[in-house]
Amino acid sequence: MQKILQIFIVLLWTMAQATDKLQVSVSIPPLYFFVQAIAKSQADVTIIVPQNKNPEIYEPTFQDMQTLAKSDMFIGIGMPFEKIWLPKILQANKQQHTLTTILLHEELQKTNQMHLWLSIQNARDITKILTTAFVVKDPKNANFYRENAIHLLHSLDTLEQTIKGYIQQMPRKDFIVYHPLFDNASNEYGLKEHALEQHAKTYGMQEILALSAFGKQAQIKRIFTEHANKDITTLANTMHAKVVIINPMSKDYLHNLESIFAEIAKSYE
């Protein structure tokens, strides 16, 4: 009887621990990394946009909206669907549930920029913003969140030094991408990003040939893109360059960012 009672008490404790967890939804996979690194076992994290979907054109499913409605926190970073769907979800559920929303592009005061997480300095600021948010939401675990944040900031410092080591080996600091991704990060490392596609602008063969001429003159041997297409293939062929696929949306944030900049540093090889 005593053994059964002990098992029952353990089950009750386990259930209590589970219900104490924060239910957190994030818009894209890289934000999953930050939440997990800071909150660890104190949060269950759901990613709204799957890794194989384009977050710039993604439309949430009914299940996504249900998940958001049941969450304690939503963390966004300026993806188009956030601006369209989040107000509707908040309006529909305002009588039922209080959802804390953290829009990092607004907190960072960079509402007109994209791919903010690819900058180490932004990553530091994101870490601090989220740590404060978790402490406010769950003050009893404040020290836990703060200690985890210190470890994360140390990892970011180490990554930054590693990336700088890669960049220092480049004979020039120009590199070519299909879609502009590295506005903030380029400035941090003295890099110059040249993109074929510009936000909200069209391009044609004239732009492809102009960028190709620059690439050949600079002796750039690699072009970076999230997805291969005929235009980036044409550009690469005219430059006699290699197309390298990168994934800025990986939730394996530290390793992925190091890998991306290691590849960029090989632009002239």
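Out of curiosity, is GLN109 at pLDDT 75 or above, open to solvent by 40 Å² or more (accessible area, probe 1.4 Å) and either touching a strand residue (DSSP E or B) at 6+ places or on another chain (Cβ under 6 Å) or assigned to a loop (DSSP other than H, G, I, E, B) (or both)?
Details: at pLDDT 75 or above: yes; open to solvent by 40 Å² or more (accessible area, probe 1.4 Å): yes; either touching a strand residue (DSSP E or B) at 6+ places or on another chain (Cβ under 6 Å) or assigned to a loop (DSSP other than H, G, I, E, B) (or both): yes.
When the stated conditions are applied, GLN109 passes them.
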Candidate set: the range 28-55, residues that are closer than 18 Å to LEU103 by Cα and assigned to a loop (DSSP other than H, G, I, E, B); chosen: the one nearest to the chain's Cα centre (by Cα): ILE28
Residue selected from the range 88-106 under the condition in a helix (DSSP H, G or I) and modelled with pLDDT of 75 or more, by the criterion surrounded by the most Cβ atoms within 10 Å (Cβ to Cβ): LEU104
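Considering ILE245, ILE260, which residue is of a type in the set (A, V, I, L, M), under 30 Å from ILE38 (Cα atoms) and open to solvent by 40 Å² or more (accessible area, probe 1.4 Å)? Quick ask: steps written out before the conclusion?
Details: ILE260 fails: open to solvent by 40 Å² or more (accessible area, probe 1.4 Å).
After applying the criteria, what remains is ILE245.
Filtering the range 214-242 down to residues that are out of contact with any Pro (no Cβ under 9 Å at 6 or more places or on another chain) and in a loop (DSSP other than H, G, I, E, B), which residue is most open to solvent (accessible area, probe 1.4 Å)?
Taking the range 214-242 as the starting set, the residues that turn out to be out of contact with any Pro (no Cβ under 9 Å at 6 or more places or on another chain) are 214-218, 220-225, 227-242.
If we keep only those that are in a loop (DSSP other than H, G, I, E, B) as well, we get 220-221, 227-229, 240-241.
Numbers: ILE220: 2, LYS221: 83, HIS227: 126, ALA228: 73, ASN229: 47, HIS240: 152, ALA241: 20 Å².
Across the range 214-242, the extreme among qualifying residues is HIS240.
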Residue tally, condition over 25 Å from ASN187 (Cα atoms) and buried (at least 17 other Cβ atoms within 10 Å of the Cβ), over the range 120-148: 10
Inter-residue pairs, beta-carbon under 8 Å, first closer than 20 Å to ASP44 by Cβ and in contact (Cβ under 8 Å) with a residue 24 or more places away in the chain and in the range 120-139, second surrounded by fewer than 16 Cβ atoms within 10 Å (Cβ to Cβ) and polar (S, T, N, Q), 6+ apart: ALA133/THR100; LYS137/THR100
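Each row is one residue, and each column tells you yes or no for (1) basic (Lys, Arg); (2) farther than 30 Å from LYS21 by Cα; (3) touching an Asp or Glu at 6+ places or on another chain (Cβ under 9 Å).
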{"position": "ASP138", "(1), (2), (3)": "no, no, yes"}
{"position": "HIS151", "(1), (2), (3)": "no, no, no"}
{"position": "MET170", "(1), (2), (3)": "no, yes, no"}
{"position": "ILE176", "(1), (2), (3)": "no, yes, yes"}
{"position": "LEU209", "(1), (2), (3)": "no, yes, no"}
{"position": "PHE224", "(1), (2), (3)": "no, yes, yes"}
{"position": "MET249", "(1), (2), (3)": "no, no, yes"}
Within the range 141-182, tally of residues that are closer than 20 Å to TYR253 by Cβ and without any contact (Cβ under 8 Å) to a residue 12 or more places away in the chain: 7
Selection count, the range 181-210, where residues are open to solvent by 20 Å² or more (accessible area, probe 1.4 Å), farther than 26 Å from ASN122 by Cβ and either part of a helix (DSSP H, G or I) or touching a Leu at 6+ places or on another chain (Cβ under 9 Å) (or both): 6
Subset of the range 56-77 [surrounded by fewer than 21 Cβ atoms within 10 Å (Cβ to Cβ) and part of a loop (DSSP other than H, G, I, E, B)]: GLU56, ILE57, TYR58, GLU59, PRO60, THR61, ASP72
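The values are calculated or read from the model by the stated rules, or taken from the named source; none is laboratory data. Model, not experiment: these values are computed from the prediction. We place every Cβ from the backbone using ideal geometry, glycine too, and count neighbours over all the protein chains shown. To get the accessible areas, we keep the full protein, side chains included, count just its heavy atoms, and leave off ligands, DNA and RNA. Shrake-Rupley method; radii C 1.70, N 1.55, O 1.52, S 1.80 Å.
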